[in-house]
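Asks: Okay, here's the structure, questions in a sec.
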Amino acid sequence: MSILKSKDNKIARFFINNAVPILFILFAVFAIPMADLSIEYLVAEMITRLARYSFLVLALLIPVIAGMGMNFGIVLGAMAGQVGLIFVMDWGVMGVPAFFLAIIISMPLAVFLGWMAGIALNHAKGREMVTSYILGFFINGVYQLLVLYSMGSIIPINNSKIVLPRGYGIRNAIDLVNLRKSVDRLIPLEINGIEIPVMTFILVAILCVFIVWFRKTKLGQDMRAVGQNMEVARNAGIPVERTRILAIVISTVLACIGQIIFLQNIGTMNTYNSHEQIGMFSIAALLVGGASVAKASIKNAFVGIILFHIMFVVAPRAGKTLMGEAQIGEYFRVFVSYAIIAIALALHAWRKNKEAEFARRSLRVDTEEAAGTSE
Amino acid sequence: MPDDILLKMKNITKDFYGNQVLTGVNMELKRGHILGLVGENGAGKSTLMNILFGSTVIKETGGFTGEIELDGKICNFESPFDALDAGVGMVHQEFMLIPGFQAAENIMLNRELTQRNFWVDVFGERLSSLKNEEMIKRAQKAIDTVGVDLDAKTLVSEMPVAHKQFTEIAREIDREATKLLILDEPTAVLTESEAEIMLSVVRRLADMGISVIFISHRLKEIMQICNELVVLRDGKLVKEVPTNETNPEKISEWMVGREIGGGPAREAPVKQTEEMETVLKVRNLWVDMPGERVINVDLDIKKGEIFGIGGLAGQGKLGIPNGIMGLYPAGGKVEFQGKKIKLNNPRFALDSGMAFVSEDRRDVGLLLEEPIDWNISFTVMQTQEKYLKKILGGLIKWRDDKAIAKLAQEYIDLLEIRCTSSKQLAKELSGGNQQKVCLAKAFAVRPDLLFVSEPTRGIDVGAKQLVLDTLHEYNEKYGITIIVCSSELEELRSISDRVAIVSEGRIAGILSPTAPLKEFGALMLEA
Amino acid sequence: MMEKIKDFLEAAGWPRLIIGLFLLALFITAPFVEVNIFTSLSDVIVRFGMWGILVLAMVPMVQGGCGLNFGLPLGIIAGLLGAVTSVELQLTGLVGFFSAVLIAIPFGIGLGLLYGILLNKVKGDEMTIALYVGFSSVAFMSMMWLKLPYKSPDMIWAYGGTGLRTTISVEKFWYRALNDIWTIQIGDHFYFPTGMIIFFAFMCLLVWVFFHTKTGTAVTAAGSNPEYARASGVNVDKMRIISVILTTVLAAVGIIVYEQSFGFIQLYLGPFWMAFPAVAGILLGGASVHKATIMNVIVGTFLFQGILTMTPSVINNIIQTDMSETIRIIVSNGLILYALTRTITIKSAKVKA
Amino acid sequence: MKGWIIRSTLILAIIVLAVFLYIIGKEHVIFVENNTFTIDGKVYEPYDLVRVTLDSGEPVELKKPRGRSLGRAKVSTTGLNHKVLVEILDDDDNVIESKEAKFNVKNNVEELLLNIPALMHDAEGWVANNQKTIYVENKPFTADGKTYEPYEFVRVILDRSKSLEIRKPGDGHTGMDKGVVTDLRHTLYIEIMDNEEKVLESKEVSYTVGHAQEKLLINIPAVMNDVDGWLTEYEE
């Protein structure tokens, strides 16, 4: 009987564990025909968006391994990346060298921010996600102080194209004309009229290899141990706090590179907004891909980006066909992005509580049986 | 041959803030020998082992005096890591394993076999790559040394309890330096057949030349595998003998026997309970309380008696009141005053006229962040709607703060609770006074039956006597039936009319408090 | 003496002290940089009245053990439904205001009930989930505002577009309906919104009364130590739901009070960020994630709104730069961050012999 | 120890890489000009039609300047070493004459001016920095034995964009400031003010600088009094 049960359980478990991606696949199946978009267009869109978001979404994986949940603090890395871009733009550097130079400049800042965030999160164990979320807002204030008030006054910025007319502070939108698609087009390739950003995908592939390799290092193993049980890890002599800080530092640095990739693809930088939504979109995408707060893989990241962005592209059109209004679709995708995080987090918390209960119940059956045999 | 001595502990003395837990303990352990360490809870076994293992608790609480000599060298372990380096391994009662890891990964945890690569030079040792294959091989070897059939690639979360235990042992074995292994109740969570394998594993380790300190409550096991045994009582070493020169009866006598005048003396006469009316009838009770599982308990409690429940920690005595009062999932039949009690429903139990003083003062017994008067009055207010003013025809049930303060003051005076006022926060009180607040809370309900769990745990001697006297007084004056669960046998014997001993979740027997100590010991240790 | 100062500092808490002194400094500096102190003071009082109830809405949930209510927008939505319906019915003045409140309450109870049930399922992760429940409910209602069958020409787009406008003026209906009861006007600059402050005081009183009833006591105990409450026969889940409902209803009432003073109903993404100033406010008042009092609300709202009102006028006049938004972001999120990263330590037991 | 060596080497390598990236990535704007060029009294006339190819980029065609057309094209490049191919074309787009030349850019130079007639005749200064530093001084000026005194407070606006405020020398003031302008034709707007910043007098003048000139000095009292010699080359 128990075998049969476990088989049923397996199927049920598969559906429960993959409820979110399944929901999105169903959505896609219904909404794509309604949106009346050509497949070529969708494919091209997805390729662009994969190139644009992969690095950022993959940046989330390492804190998950270390048991710190979804790192909303990747916006810190994004901000660091933008600071690097501002300098590169100011100096008038162009193309691929500009891309790498921006990474080199922003890296120390990203490390520093990640390190601070790690310390803060060590003080908020069990509340990492809310804390990293608020941390993003807080550092955003500091970023404004730096970019809007100090740049051009305290920090020398001379390029009048990026400085506000008042003489200091960076403009709201910076045209990254020198940088636009420079990496994407470094190795040009077109298939059926669809442009493939080969170099970007190579960078993403390198990151994937890095993540796979990293998991097999001592540090990766330590992170897994810390993520599963901090106390046991501590007792085994693993420096728990330091390991957690390192996880956040790595994530922040990757996010910094990710943001620079993202912006070179978009081609314009909204100095005060480009980073804000990054955390939310990346996390929503990862969760849509079937990841949970405690477990996330590279596969989740890619599946998630595709499914989430299909929703993103299709929703306004489908909304228009269905409700006669594109605006509804706009709100719909905002709703879905947030709701998906809410649902995924709630499911995870609920499952966690249920599993604890289940573990207790399994003991109880044991007790009853034991009671039965002794009679 | 003095060379044969691996471990010497000389004159080990330790106190926790003036509370003497170990006094002048001397013991020796030979290479390849198994030493059984027995004693009641609180006899000082864990403290002694913590000292040996260099636990940080010891250092934080002021260190210890005495000397530890391992392999002829004087050791002073600053932390467990020092102890591990010196070759002392310990397997704790609660598993120190990571559930999502394979056995091999756990065995090699933080001692992974690594290979340097370029990044090590840049970012440090922690970026070296793991040699998974070799680790699995090595872990498998350690497991094979232990002598059990377990694949090193099995996930810990998918293992039965025994295998987890073996994994822990394998981890200690794998440290090449390990000369001494401390096993803290390794068989407590095992089934009988698993325990058998466990014992043979321990024997095999000893044959390999590793010395083992084996802590267990099962005297049978001690007799079976240990070369010598040491009995601790009240922080003193009472006996160190070769196992073949003794028998379980003697051991249990050494364990529980107090020095004259050591425990509280019995004053009141023992009530004759045979003729008394049964007030609480318990049949086939099971309780799923972690660490205190109750399996199948039948009890008949008589009206007006003080009923003691004793037994070693973790055997299930605490599960009985917690189960009946609905705090942990339970099943079976419970009848109180002829009425069937709905289990898993604290409100129902309270409404039926039962009250409970929990052993867990901080987590269950008190609202630490609230004042004393709240703590005392809350239960009675919620269950019996007392100390409330009804306004607008009962639409608003207004808390009567004055009446609450008055009630609290009564109990403060009665139980001599030391506090600045009834508005003082519970967390600011000392342990004894907190316990009195818990009692006051239960008395305020005016119950017909009162469960008291570990009434004197963690409080000083003066307060202890007062708490026991108060219980006695309430029993006499108001005829409240009281069920006391305690790990302190002497305490139970001093106030109870009958004492039940719980062992492995079952009632091992019920004795009169005047019965000889030996009998209690025998029941506790199921010898 | 040192001990006393230390105790005081510990009780008041550094952030409160620093912000309090900062606010004082702002008031002292104000006249020197040509900021009218009376105008500023009445601005502070008006904003205090506007935000008071929204901050008060944090109390029941914190006391009930569900943490800070980042899901405040959910309650605000109930309030918006009340406000919009009242405008649809063309009700004006106090009648309009109170009917908005009355209509909002059932919505608040309904949403609060669902929200409470959800939060009971996710114990331990309430705050993170509350955050996203708030956000997604705002986005969901944005779709609804487009589709709900409101017809009043005061609220729908005049031509083109469908659905309700993003901002609806209540000038014709119940603008300052509360503020203008027994208003005190001294000179040109000082204005005291008596009605609104009295209403806020009344709401505080209601909450105070609630926490003095049997149920209120049980909610506090359930939040303080759920195990204790359960052992005392209290249904902890039910108490948590009650606290969440109360929070949601207070938020609904709070937003209507806010709007009658502000003059506009802000729909769509308007309520998105409302939770953060309220959370920062109560934390500044000295509340923690586990404990909040009405005093925390009053002190915190006054200090926080004081800072938000005074910094733009004073600092900007001093350094000739408008940094108010940046300062607001840093101060409010810094406070929340401080509260989240503070390690909770129970003071070691003091033995009083 | 080994680790530290590797680490410092790596950090050094990254810094070197950053500098290298900066150098090869830095944008230089090159204005190619088919315009009249004068040097040492010699005048080189522009061609009717030229095709210019910079490095391996797209070729640009330039006609003789006529009316408003400046006969110029803007080309963006990176890197320090460049070569340029100039082809003089006739009406049928046949190449009459061609010439290839090489030139270097200093890394901190943002804009470069490349004059085709000068290049074709190997005249010195065919490639020049398009950014000119204008030094403005509010100091006594002596001409023909007459001394013009500096003003209390002057505001100078270069090319309607860069504003300088200069006080009389002394009291810690140097009586001098500078600004960077691009291109050859410039305007100078001067406001003489009292200490309350009330404008007492104002004046606007236009001036042209030579290709090869990079640093120029303007004397305010001289400008205000229309004395010749207010614009000179600046010498350190």
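The values are calculated or read from the model by the stated rules, or taken from the named source; none is laboratory data. Keep in mind the model is a prediction, meaning the values are calculated, not measured. In this analysis, Cβ positions are derived from the backbone assuming ideal geometry, glycine residues included, and neighbour counts consider all displayed protein chains.
Asks: Could you please let me know if B:Ser486 is in contact with a Gly (Cβ under 6 Å, 6 or more places away or on another chain), of a type in the set (Ser, Thr, Tyr) and crowded, with 24+ Cβ neighbours inside 10 Å?
Replies: no
Asks: Wholly within the range C:172-251, which helices (runs of 4 or more DSSP H) include no fewer than the required count, namely at least 2 residues that are farther than 30 Å from C:Asp43 by Cβ and in contact (Cβ under 8 Å) with a residue 24 or more places away in the chain?
Replies: Ranges flagged: C:214-224.
Asks: Among the residues of the range C:330-343, what is the count of those that are over 17 Å from the mean Cα position of the chain (by Cα) and within 7 Å of chain A (Cβ to nearest Cβ)?
Replies: 6
Asks: For D:Val209, state whether it is among the β-branched types (Val, Ile, Thr) and under 30 Å from D:Leu85 (Cβ atoms).
Replies: yes
Asks: Tell me, please, whether a residue that is surrounded by fewer than 24 Cβ atoms within 10 Å (Cβ to Cβ), assigned to a helix (DSSP H, G or I) and either among the charged types (D, E, K, R) or away from chain C (no Cβ under 11 Å) (or both) can be found in the range B:349-360.
Replies: Looking for residues that are surrounded by fewer than 24 Cβ atoms within 10 Å (Cβ to Cβ), assigned to a helix (DSSP H, G or I) and either among the charged types (D, E, K, R) or away from chain C (no Cβ under 11 Å) (or both), one finds at least one in the range B:349-360, hence yes.
Asks: Also: Please verify whether C:Ser324 is surrounded by fewer than 20 Cβ atoms within 10 Å (Cβ to Cβ), hydroxyl-bearing (Ser, Thr, Tyr), within 14 Å of another protein chain (Cβ to nearest Cβ) and closer than 29 Å to C:Thr166 by Cβ, treating the condition exactly as stated.
Replies: The answer is yes for C:Ser324.
Asks: Being within 30 Å of D:Ser8 (Cβ to Cβ) and among the acidic types (Asp, Glu) narrows it down to one of B:Glu192, B:Glu112, so name that one.
Replies: Step by step, each of B:Glu192, B:Glu112 is checked, and only B:Glu112 is within 30 Å of D:Ser8 (Cβ to Cβ) and among the acidic types (Asp, Glu).
Asks: On to the next question. May I ask you to list pairs of residues, at least six apart or on different chains, whose Cβ atoms are under 8 Å apart, with the first in the range C:66-86 being modelled with pLDDT of 90 or more and surrounded by fewer than 24 Cβ atoms within 10 Å (Cβ to Cβ) and the second being of a type in the set (A, V, I, L, M) and assigned to a helix (DSSP H, G or I)?
Replies: Matching pairs, first to second residue: C:Leu81/C:Ile103; C:Leu81/C:Ala104; C:Thr85/C:Ala100; C:Thr85/C:Ile103.
Asks: Just checking, how many residues over the range B:15-27 are assigned to a strand (DSSP E or B), free of Cβ contacts under 8 Å to residues at least 60 places away in the same chain and not hydrophobic (A, V, I, L, M, F, W, C)?
Replies: Looking only at that region, the number is 2.
Asks: Taking the condition of being in contact with a strand residue (DSSP E or B) (Cβ under 8 Å, 6 or more places away or on another chain) and over 30 Å from B:Glu69 (Cβ atoms), how many residues in the range B:149-208 meet it?
Replies: 5
Asks: Part of a helix (DSSP H, G or I) and buried (at least 18 other Cβ atoms within 10 Å of the Cβ) - does that describe any residue in the range B:336-346?
Replies: Checked the range B:336-346: at least one residue is part of a helix (DSSP H, G or I) and buried (at least 18 other Cβ atoms within 10 Å of the Cβ).
Asks: For the subset of the range A:85-99 comprising residues that are β-branched (Val, Ile, Thr) and at the interface with chain D (Cβ under 9 Å from one of its Cβ atoms), which member is farthest from the chain's Cα centre (by Cα)?
Replies: A:Val93
Asks: Would you pick out the residues in the range B:227-243 that are in a loop (DSSP other than H, G, I, E, B) and surrounded by 21 or more Cβ atoms within 10 Å (Cβ to Cβ)?
Replies: Matches in the range B:227-243: B:Gly235 only.
Asks: Is it the case that some residue within the range B:452-459 is in contact with a strand residue (DSSP E or B) (Cβ under 6 Å, 6 or more places away or on another chain), touching a residue at least 12 places away in the same chain (Cβ under 8 Å) and under 25 Å from B:Gly304 (Cα atoms)?
Replies: yes
Asks: Every residue in the range D:86-110 that is crowded, with 17+ Cβ neighbours inside 10 Å and either part of a strand (DSSP E or B) or among the charged types (D, E, K, R) (or both), please.
Replies: D:Val86, D:Glu87, D:Ile88, D:Leu89, D:Glu110
Asks: Okay, moving on. Testing B:Arg203 on (1) touching a helix residue (DSSP H, G or I) at 6+ places or on another chain (Cβ under 8 Å); (2) surrounded by 22 or more Cβ atoms within 10 Å (Cβ to Cβ); (3) at pLDDT 85 or above, one condition comes back false. Which one is that?
Replies: Only one criterion is unmet by B:Arg203, namely (2).
Asks: For the range C:101-136, what are the residues that are facing another protein chain (nearest Cβ under 10 Å), among the small types (Gly, Ala, Ser) and surrounded by 24 or more Cβ atoms within 10 Å (Cβ to Cβ)?
Replies: If the condition is that a residue be facing another protein chain (nearest Cβ under 10 Å), among the small types (Gly, Ala, Ser) and surrounded by 24 or more Cβ atoms within 10 Å (Cβ to Cβ), then C:Ala130, C:Gly134 are the ones that fit.
Asks: Continuing with the same structure: Give the residue, chosen from A:Ile119, A:Ile105, that is within 29 Å of A:Arg242 (Cβ to Cβ), within 14 Å of chain D (Cβ to nearest Cβ) and β-branched (Val, Ile, Thr).
Replies: Just one listed residue meets the conditions, A:Ile105.
Asks: Which residues, counting only those in the range B:507-527, are surrounded by 23 or more Cβ atoms within 10 Å (Cβ to Cβ) and over 22 Å from B:Asn284 (Cα atoms)?
Replies: B:Phe520, B:Gly521, B:Leu525
Asks: Would you mind finding the one in B:Gln409, B:Gln382 that is farther than 27 Å from B:Gly319 by Cβ and either assigned to a helix (DSSP H, G or I) or more than 10 Å from every other protein chain (Cβ to nearest Cβ) (or both)?
Replies: The conditions single out B:Gln409.
Asks: Among A:Gly258, A:Gly220, A:Gly237, A:Gly289, which is the only one that is of a type in the set (Gly, Ala, Ser) and within 22 Å of A:Gly136 (Cα to Cα)?
Replies: Just a single option satisfies the conditions, and that option is A:Gly258.
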